[in-house]
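What follows is calculated from the coordinates using simple rules that are stated; it is not laboratory data. Since the structure is predicted, the reported quantities are computational estimates derived from the model, not experimental observations. Positions of Cβ are backbone-derived with ideal geometry, glycine not excepted, and every protein chain shown enters the neighbour counts.
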Amino acid sequence: MMQDNFYGRFTKIIRECNYDNTYKMAWAKSLVEICSNQEFLGEKLTISLKEIAHKFLKYYWNQTIFFDLIQGSNPNRPPIILTLIKSLIEKYYIAINKKQPEVFEKVEDRFANIGMQNDFEKTLIDIAKILKNDVSWRFDNIDDNSTKLYDYQQKLDFLVIDKDNAIVLKNHQQDLYDLINYRWSLILESFNSSPRINKKVRIIDERCIKRSPLNKFKTYLDVENPNHFCFICGKQTSSRELAIDHVIPWSYMYSDDLWNLVYICQHCNSIKSNVIPSKGQIDRLKERNKKLLLLLEQQSSHTKMIEELKLAIEKDYVNKFWTGCKG
């Protein structure tokens, strides 16, 4: 019965927490993940705030470096933890001398080799301080219920959870991950205009964020641009220096669509990063799509990709997603 009360209260907090930011979702997910990886030897499990801070860093790093999702209700005053992690990401980009997004699980092992171990450790300590002051005691403070999920005294660097309750989190980990990700997505949808929010949140549970090869689009792109002129600089590009690019950034779309893909040169590709396209580029993309569809239809092609291109033109996806991306 006590375990049922614990599970019910844990899920109640996830469902009823406020929508100011996503800290409570990250806190809940951290507890579930930490308990799920434990082999229980005693009657109590002690969890350090630094260990939880490490999970926060992983979750927010992956959501930010790939998708730059807004995590708080005031875009002019983002959550402090997010600001700390964005600062660490910028230092990482400077250290590797390029803006190449990479999942935290891979980057963590490289911090020492690129001279960032101290920055990494300081960020963990700073996140732990914020958890101590603002999150640890608030998570379990949504009503007057005397049933507590864990023992925590303010200003301490750790919390203690009963073994039986920790096992409940471990045994229900998948259901809890699904619930947390769902609630996290709902919160983010109130802050972000970005599409596919739920998919972007769920992806942080995977070991790597995979981007599919774009070679399958060459056959279609060649129909309209057989001489491989760069969409950005306009110069003709050799096959060796040719790249396929998302005009509206992949980090926003999280999708590969013919209507949003163009040829660019490697030089322009290396400096473009996640820059939002100009109105001129958007207008050129819309005209390109109309021309591409006409040429493909003249070839009597009726593939799913071409039908999607036609729908994108009819629904004005370019302008709609560009407007959302700017927002």
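Sorted on the mean count of surrounding Cβ atoms within 10 Å across their residues, most packed first, peptides 236-246, 77-87 read 77-87, 236-246. What nm distance separates the two modelled labels at L294 and R110, each placed 7 Å from Cα along Cα→Cβ? My value for the distance between the label points is 4.5 nm. Pairs from the table (K106/K200; K91/K320; K98/K200; K24/K163) lying more than 29 angstrom apart at Cα are K91/K320. Taking only complete DSSP H runs, can you tell me which helices of the chain stretch 18 Å or more along their own long axis by Cα positions and average at least 0.5 on the Kyte-Doolittle scale? TM-like helix candidates: 80-96. Mind giving me the FRET efficiency for S278 and T303? R0 is 35 Å, r the Cβ-Cβ distance, nearest 0.05 is fine. FRET efficiency, S278 to T303: 0.70.
Straight-line reach from K216: which aspartates and glutamates have a Cα under 17 Å away, not including same-chain ones fewer than 8 places off? Within the straight-line limit of under 17 Å, K216 reaches these aspartates and glutamates: E224, D245, D256, D257, E307, E308. Over region 215-326, one equal point on each Cα, no solvent: what is log10 I(q)/I(0) by the Debye formula at q = 0.20 Å⁻¹? The Cα Debye sum returns log10 ratios of -1.12. Neighbours of D157 by Cβ distance under 12 Å: Lys/Arg scored +1, Asp/Glu scored -1, total +3.
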